[in-house]
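The values are calculated or read from the model by the stated rules, or taken from the named source; none is laboratory data. As the structure is a computational prediction, the values presented were derived from the model and not from experiment. Because the Cβ atoms are built from the backbone with ideal geometry, glycine has one as well, and the counts that use them run over all protein chains shown.
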Amino acid sequence: MSNESNYAIELNGISKVFGNVVANDNINLNIKYGEILALLGENGSGKTTLMNMLAGIYYPDAGSISIAGNEAAIGSPKDAIDYGIGMIHQHFKLVEIFNAMDNIVLGTDGRYEKPKLLKDKILNISNKFGLEIEPEKKIYNMSVSEKQTVEIMKVLYRGAKILILDEPTAVLTPQETEKLFTILRKMKEQGSAIIIITHKLHEVLNISDRVAILRKGKLVDTVETKKTNENKLTELMVGRPVSLKIKRPETTNNKTVLNVVELSVENVDGTLAIKDVNFKLKSGEILGVAGIAGSGQKELCEAIAGLVKIKSGAVLCHKENIIGKTPDEIIKLGISMSFVPEDRLGMGLVGSMGMVENIMLKSYKNNKGLFIDKKPAKKLSEQLVEKLDIVTQNIYTPVRMMSGGNVQKVLLGREIESNPNVLITAYPVRGLDINSSYVIYDLLNEQKKKDVAILFIGEDLDVLLELSDRIMVLCHGKVQGIVDAKTTTKEEIGLMMTGMNLTGGGHNE
C-alpha cells in the first residue's frame, strides 16, 4: 500500500471496550502530514483512549490503524516511536535532577555519544523547528514552558513525525502558549502531523486546520476550523446548544471577611513557598488567583484552610486571627470556611466511599449519641444528584467510579451545602469538559449572590477575567499585584505571571 493519499494516520473502524463501557465505537478518522487536528469532546467521550491506542498504551478490540499508508500493529509505546509517533502528556515525564540533554537521550543509543556531538545534534533539531533549549540546564531550574520544550525534543530526537499533545497549554501563560503555537506551526510547515487535545475552544480555532468531535465514544463530526465557531463546536460536543457566557452578578455587601496579612509559608526544604502575601477578600466577591504552576497557589489555599504550618503572618476572618486554630475552633467562632482542593480524590473525597459516606465526613460530628444517623446525608446526596445532574449508578457507588466532572460536582456540592462564609476553590474545573465547567461557574456565582466570599484559583485566564471581580497574580510566592478583572487584559496578567510588576504590586484593597 503506497502513501499517495499523504495520510499520516488512518483509523478504520476502531473500537475499544472496558467491561460494559464502550470507550470507542467504530471510529474512522484520518490525519494528514502537514496538518494540525484538534480533538474535542466532553470528559468520558473517548479522546484519551483513542490517542492511547496510537501511543501503544492500549490495543484496539476492533478495526485497523495505518501509518503513512501501511497497516500498523502498535502493541507498545516503543512500537509507536518506531512508527514515528510521539505523545507529549499533560504531566511531564522528566527526571528533575538530570539536565535537558540527559532527559532527551534517556533510553536511546544517544546516551553513548560524545557530549559535544550530542549537544550539536540537539541544537540542530531545535533550530530546525524553532525550539529554544539549553541542553545542559537542569530540569528543576526550568519553567513549565521549558520543560514542555524538552518533552517535545524527546520525541523529535527519536524521529517522530506524528505528535500528540494532551492539554499542552493547561499551565502556560498566554505568551508561552503563543510561543508553543509558533513551534507547532513551524513543525506543520516541516511536514509533521499534529493532534492536539484541549478544552480551550479559542485555542482550537487559533491553531488547528480541522476539528474532530467525539461524544460518548463515537465520532460525531470532523469539520474545517475556518468553517466553524465556539458555539457550533460546543453544540457538537454536548449534543445541544450551551451558553458560553459567564454572567458576573454585581453585589453590594462587600464587607471584608478575610484579611491575609504578611503571610509566609515554608516548603519542606525550608525555602519560602509564599512570602509576605497581603490581600483582602470581601463578601459577595470572587477574587481570582492567577499564576504559573507552582507559584504558591496550593500553599496559599492550605495555609488559609489551616492545613499547613504558617511561618509568619496572620489570617483574620471577621477580624479574628484563625492561625493555629483547629477547624472545630474556627466553627465555634461562627466562621464557616469550605476548601475545595485540587486533589479531589486525595484531599477532597475518599474514592472508595459513596456519596452518602463522603457527605457524612463533613457532618458526622453533628450526630449526638452512639449511632450515626445517615438519613440527612442520604437526603442531601439525592438532592445533589438531581440539582447538579450528577451521573452515578447510585448514591452508594464509590466516587472513584465517577468521571472527573461528577466527582467535582459532589465535592463542590457538599462544601456549598454547608453554607460557608468563605469558599476556597483550587482549580475546580481542571480537566472538566465545557458543560461541567459552566455548571461549576454557575454554582460559584450562586454563592456569590448569597454574599459568600470566594477565593478562586484558576488557570484559564479567559475564565478568570469573566468570572472574577478582581484578580491577584502570584509569581514565585509573591503577590505581583491585584487588578480589576473588568479593566485588565489577558496579556497584562500573563506578563505579571512571569514577574513583571505592572501595578506597583502587592496592594490589598
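If you scan the stretch 95-107, which residues turn out to be at pLDDT 90 or above and out of contact with any Phe, Trp or Tyr (no Cβ under 9 Å at 6 or more places or on another chain)?
Correct list: 95, 98, 99, 100, 101, 102, 103.
Out of the stretch 414-429, which residues are assigned to a loop (DSSP other than H, G, I, E, B) and either crowded, with 20+ Cβ neighbours inside 10 Å or at pLDDT 85 or above (or both)?
Residues satisfying the conditions are 421, 427, 428, 429.
Select, from 34, 84, 63, the only residue that is in contact (Cβ under 8 Å) with a residue 40 or more places away in the chain and more than 17 Å from residue 194 (Cα to Cα).
Sole residue among the options that is in contact (Cβ under 8 Å) with a residue 40 or more places away in the chain and more than 17 Å from residue 194 (Cα to Cα): 63.
Which residues, taken from the stretch 59-93, are in a loop (DSSP other than H, G, I, E, B) and either closer than 14 Å to residue 10 by Cα or modelled with pLDDT of 90 or more (or both)?
59, 60, 61, 68, 69, 73, 74, 75, 76, 83, 84
Just checking, how many residues over the stretch 387-432 are of a type in the set (D, E, K, R) and closer than 23 Å to residue 468 by Cα?
So the answer is 5.
Each row is one residue, and each column tells you yes or no for (1) outside the structural domain of residue 293 (by TED's automatic domain parsing); (2) in contact with a Lys or Arg (Cβ under 9 Å, 6 or more places away or on another chain); (3) not hydrophobic (A, V, I, L, M, F, W, C).
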position: 444; (1), (2), (3): no, no, no
position: 450; (1), (2), (3): no, no, yes
position: 455; (1), (2), (3): no, no, no
position: 459; (1), (2), (3): no, yes, yes
position: 463; (1), (2), (3): no, no, no
position: 466; (1), (2), (3): no, yes, yes
position: 471; (1), (2), (3): no, no, no
position: 477; (1), (2), (3): no, yes, yes
position: 487; (1), (2), (3): no, no, yes
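Scan the stretch 122-140 for residues that are closer than 15 Å to residue 155 by Cα, surrounded by 13 or more Cβ atoms within 10 Å (Cβ to Cβ) and either in contact with an Asp or Glu (Cβ under 6 Å, 6 or more places away or on another chain) or free of Cβ contacts under 8 Å to residues at least 24 places away in the same chain (or both) and report the count.
So the answer is 1.
Taking the residues in the stretch 197-217 that are among the charged types (D, E, K, R) and at pLDDT 95 or above as candidates, determine which candidate is surrounded by the fewest Cβ atoms within 10 Å (Cβ to Cβ).
Only one residue tops the list, namely 209.
Please verify whether residue 439 is out of contact with any helix residue (DSSP H, G or I) (no Cβ under 7 Å at 6 or more places or on another chain), in a helix (DSSP H, G or I), in the same structural domain as residue 284 (by TED's automatic domain parsing) and closer than 28 Å to residue 234 by Cβ, treating the condition exactly as stated.
no
Filter the stretch 94-119 for residues that are among the aliphatic types (A, V, I, L, M) and part of a loop (DSSP other than H, G, I, E, B); which is surrounded by the fewest Cβ atoms within 10 Å (Cβ to Cβ)?
97
Which count do you get for residues in the stretch 456-479 that are of a type in the set (A, V, I, L, M) and assigned to a strand (DSSP E or B)?
The qualifying residues number 6.
Residue by residue through the stretch 300-331, note down the ones that are in a strand (DSSP E or B) and more than 29 Å from the chain's Cα centre (by Cα).
312, 313, 314, 316, 317, 320, 321, listed by residue number.
Looking only at helices (runs of 4 or more DSSP H) that fall completely inside the stretch 146-246, which ones have 3 or more residues that are without any contact (Cβ under 8 Å) to a residue 24 or more places away in the chain?
230-238
Hey, any hits in the stretch 386-403 for a residue that's farther than 9 Å from residue 355 by Cβ, hydrophobic (A, V, I, L, M, F, W, C), in contact (Cβ under 8 Å) with a residue 12 or more places away in the chain and in contact with a Leu (Cβ under 6 Å, 6 or more places away or on another chain)?
No - not one qualifying residue is present in the stretch 386-403.
Would a scan of the stretch 265-286 turn up a residue that is in contact (Cβ under 8 Å) with a residue 24 or more places away in the chain, under 23 Å from residue 446 (Cα atoms), in contact with a Phe, Trp or Tyr (Cβ under 8 Å, 6 or more places away or on another chain) and surrounded by 15 or more Cβ atoms within 10 Å (Cβ to Cβ)?
Within the stretch 265-286, one or more residues are in contact (Cβ under 8 Å) with a residue 24 or more places away in the chain, under 23 Å from residue 446 (Cα atoms), in contact with a Phe, Trp or Tyr (Cβ under 8 Å, 6 or more places away or on another chain) and surrounded by 15 or more Cβ atoms within 10 Å (Cβ to Cβ).
Would you check if residue 277 is within 25 Å of residue 141 (Cα to Cα) and assigned to a loop (DSSP other than H, G, I, E, B)?
Judged against the criteria, residue 277 is not a match.
Residues that are of a type in the set (Val, Ile, Thr) and crowded, with 19+ Cβ neighbours inside 10 Å: list the strands (runs of 3 or more DSSP E) wholly contained in the stretch 6-53 that include at least 2 such residues.
7-18, 21-32
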